[in-house]
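**Q** The structure is given below, and queries will be raised subsequently.
The values are calculated or read from the model by the stated rules, or taken from the named source; none is laboratory data. Note that the structure is predicted; figures quoted are calculated from it, not measured. Ideal geometry is used to build each Cβ from the backbone, glycine not excepted, and the neighbour counts take in all protein chains shown.
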Amino acid sequence: MCGIVGYIGNKKASPILINGLLKLEYRGYDSAGISTIEKTGLSTMKDKGRVKNLYNLPEIDNLEGTIGIAHTRWATHGKPSMENAHPHMDNSKTFSVVHNGIIENFNELRKLLSDSGYTFYSQTDTEIIPNLIDYYYKKENNNDLKFLRAVKNACNSLKGSFALEIICKDYPDNMIVVRKDSPLVIGKGNGENYISSDIPAMLSYTKDFYLLNDLEYVVLSRDNAKFYNNDLKTIEKETKSIDWDANSSEKGDFEDYMLKEIYEQPKAIRETIGSRINKNSKCEFEELNFTKEYLQGLNKIYFVACGTAMHVGLAGKDMIEKLCKIPTEVDIASEFRYRDPLIDNKTLCIFISQSGETADTLAALKLSKQCGAKTLAITNVIGSSITREADYSIYTHAGPEIAVASTKAYTSQVVLVAMLTIYFAETLELSTQKIATLKEEILLLPKKIEKALKTSSEIKTFAKRIYQEKDIFFLGRGIDETVAKEASLKLKEISYIHSDSYPAGELKHGPIALIENDVTVISIMTDPKLVKKTISNIQEVISRGAKTLIITNQDVDTDMFDMVICIPETSTFISPILSIIPLQLLAYFTSKEKGLDVDKPRNLAKSVTVE
Ligand code: M6R
């Protein structure tokens, strides 16, 4: 939520900042703003709405400064408006600040500052920060590290989460950045430094990044980055080289990032499989050192995640319980963290997160560690907060995912969880024919995804039939029900059509009351053991006038349904990777038919870094 960028170097800062904001816009698009240090002092410009509004301000070209900060907002405190847009300045206009996160004690700090004579012009929690820095700055007698001391004192008064970039008119050659529970990386250039909420936004400038821990402060100059801990002792940091290709965060020939990312799935799966699966040797995870005794001693495995990543956990439960016979639970991170979950040192908690920055998932991970559980992170972003907290981290290799609707991250996570399950099973010496077959099927996935993508034109036709509907229902049994959930989320988040998913067998216990003439029901049928049962449920909705779309890899009577989409057959464990493809395309084409912004659906942000 909210994207922040910064630049300090010898080039004009504003084009670099605007370019960075455009890349980070998926994190929020309620307003955008920029502050640079000009010869005349601090200069700030902002506007409501998309980054292009800021970019189109005629005065933006007048900014010559070579140091600056910028922000694209996802509104939390205060409506999207000009006065609530970042950067925010203190009353004396000495400091300019951009912030991603939430300050939980902002009301009491606001009162404290108001009592000391400060005035507030916005409804944001952020506006207290520059004023608090100013408050401490004015109290500071020691000129040594005066700016840094003021920032540190202010940060130590804040409760909540923050990634901050601060510039000060008295320090035209420095910028200070700090983070706590919100993402921020520093890209090292040649005589210049870049700051960003995430790595892809800066890939066209550098591939070398410093990763920050909570409450580490960085004083940036053009050719240096000096790191301090919360006691203001200097600390050493090495850069980490990121091997993502700069083009991987561009749209290329595709109309939208989402479509590009859907079509990137064969590659994402191939790269996530890497060399982990070999027919004649055990599944390799060099990052993990679980023993047979440890796995045998587990009382439970927990998958904890949000949104699409949580749906991967549901597929993971199915695989681990069926193949390894270890009891497995799945929970939504925002619920888990307040549930007093029953976990201890015999529990393995697995956290799935594309971004590795989701606030609730991170908090759930910290809680699990406190309870003594071992923690394993599955993310797509090396060095992300979740990976830095977890005992173990394994990665999908999907490349940057920019569209708000997650597609290639989902399928890559499912394949990684399938391989993790095989690793557990082999460590437990449960080597069976099922595992050998699963390995073979995993290796065939990229080709089969290519086939599943060929359903695109049929799906486009179906999207034209349904795009004006109000409600759509998704049904499935077993593993197909987990896909129904994911398909329903995908459709509603980008097409704004209300949709719901149900286990097909639950229909008669309530939801069937919603079925009337011409309502669309979409069903996934890939589990041979359950297909007949699901077909019976679909017949019940057809009898009540529903029109039906079936996604299947089984032999079904096509005349019975309005449309049947055939996908390649595979092991039931990994069938979500194929059955979700036409449903991702359906969400995409439905949104396009409605003329919506597929990549940036209303009210949403790609990375949910506040709770
Ligand atoms: O970065 P994460 O995987 O932790 O994000 C979790 C969810 O916010 C994310 O999957 C969300 O549900 C997507 N918009 C779904 O398409």
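**Q** Against the definition (in contact with a strand residue (DSSP E or B) (Cβ under 7 Å, 6 or more places away or on another chain), farther than 16 Å from residue 414 by Cα and surrounded by 22 or more Cβ atoms within 10 Å (Cβ to Cβ)), how does residue 359 come out, yes or no?
**A** On the way: in contact with a strand residue (DSSP E or B) (Cβ under 7 Å, 6 or more places away or on another chain): yes; farther than 16 Å from residue 414 by Cα: yes; surrounded by 22 or more Cβ atoms within 10 Å (Cβ to Cβ): yes.
Yes.
**Q** Oh, and also: Given (1) in contact with a helix residue (DSSP H, G or I) (Cβ under 9 Å, 6 or more places away or on another chain); (2) more than 16 Å from the ligand (Cβ to nearest atom), identify the lone condition not met by residue 474.
**A** Here residue 474 meets the rest and fails (2).
**Q** Return the total of residues in the range 377-394 being modelled with pLDDT of 95 or more, closer than 22 Å to residue 269 by Cα and surrounded by fewer than 24 Cβ atoms within 10 Å (Cβ to Cβ).
**A** 3
**Q** Also: Which of (1) at pLDDT below 95; (2) outside the structural domain of residue 204 (by TED's automatic domain parsing) is the odd one out, the single condition residue 330 does not satisfy?
**A** Here residue 330 meets the rest and fails (1).
**Q** Among the residues in the range 352-368, are any β-branched (Val, Ile, Thr) and at pLDDT below 95? Explain how you work it out, then say what you get.
**A** Step one: of the range 352-368, the residues β-branched (Val, Ile, Thr) are 352, 358, 361.
With at pLDDT below 95 added as a condition, the list becomes 358.
Yes - at least one qualifying residue is present in the range 352-368.
**Q** With respect to residue 407, determine if the residue is within 13 Å of the ligand (Cβ to nearest atom), farther than 21 Å from residue 318 by Cα, buried (at least 20 other Cβ atoms within 10 Å of the Cβ) and of a type in the set (Val, Ile, Thr). Step through it out loud before you land on a result.
**A** Numbers: within 13 Å of the ligand (Cβ to nearest atom): yes; farther than 21 Å from residue 318 by Cα: no; buried (at least 20 other Cβ atoms within 10 Å of the Cβ): yes; of a type in the set (Val, Ile, Thr): yes.
No.
**Q** Take the residues in the range 293-313 that are under 25 Å from residue 489 (Cα atoms) and of a type outside the set (A, V, I, L, M), then tell me which one is farthest from the ligand (Cβ to nearest atom).
**A** 302
**Q** Filtering the range 496-519 down to residues that are more than 16 Å from the ligand (Cβ to nearest atom) and crowded, with 21+ Cβ neighbours inside 10 Å, which residue is nearest to residue 563 (Cα to Cα)?
**A** 504
**Q** So, restricting to strands (runs of 3 or more DSSP E) that lie completely within the range 438-543, which ones have at least 2 residues that are polar (S, T, N, Q) and modelled with pLDDT of 95 or more?
**A** On the way: elements: 471-476, 498-503, 520-525.
Because the criterion is at least 2 residues that are polar (S, T, N, Q) and modelled with pLDDT of 95 or more, the strands (runs of 3 or more DSSP E) in the range 438-543 that meet it are 498-503, 520-525.
**Q** Related question: Can you name the condition, by its number, that residue 565 falls short on among (1) away from the ligand (no atom under 12 Å from the Cβ); (2) touching a Ser or Thr at 6+ places or on another chain (Cβ under 8 Å); (3) assigned to a helix (DSSP H, G or I)?
**A** Residue 565 satisfies every listed condition except (3).
**Q** Another question, then. Take the residues in the range 477-495 that are within 14 Å of the ligand (Cβ to nearest atom), surrounded by fewer than 23 Cβ atoms within 10 Å (Cβ to Cβ) and not basic (Lys, Arg), then tell me which one is nearest to residue 520 (Cα to Cα).
**A** 489
**Q** Which condition from (1) buried (at least 22 other Cβ atoms within 10 Å of the Cβ); (2) away from the ligand (no atom under 15 Å from the Cβ); (3) assigned to a loop (DSSP other than H, G, I, E, B) is the one that residue 319 breaks?
**A** Failed condition: (3).
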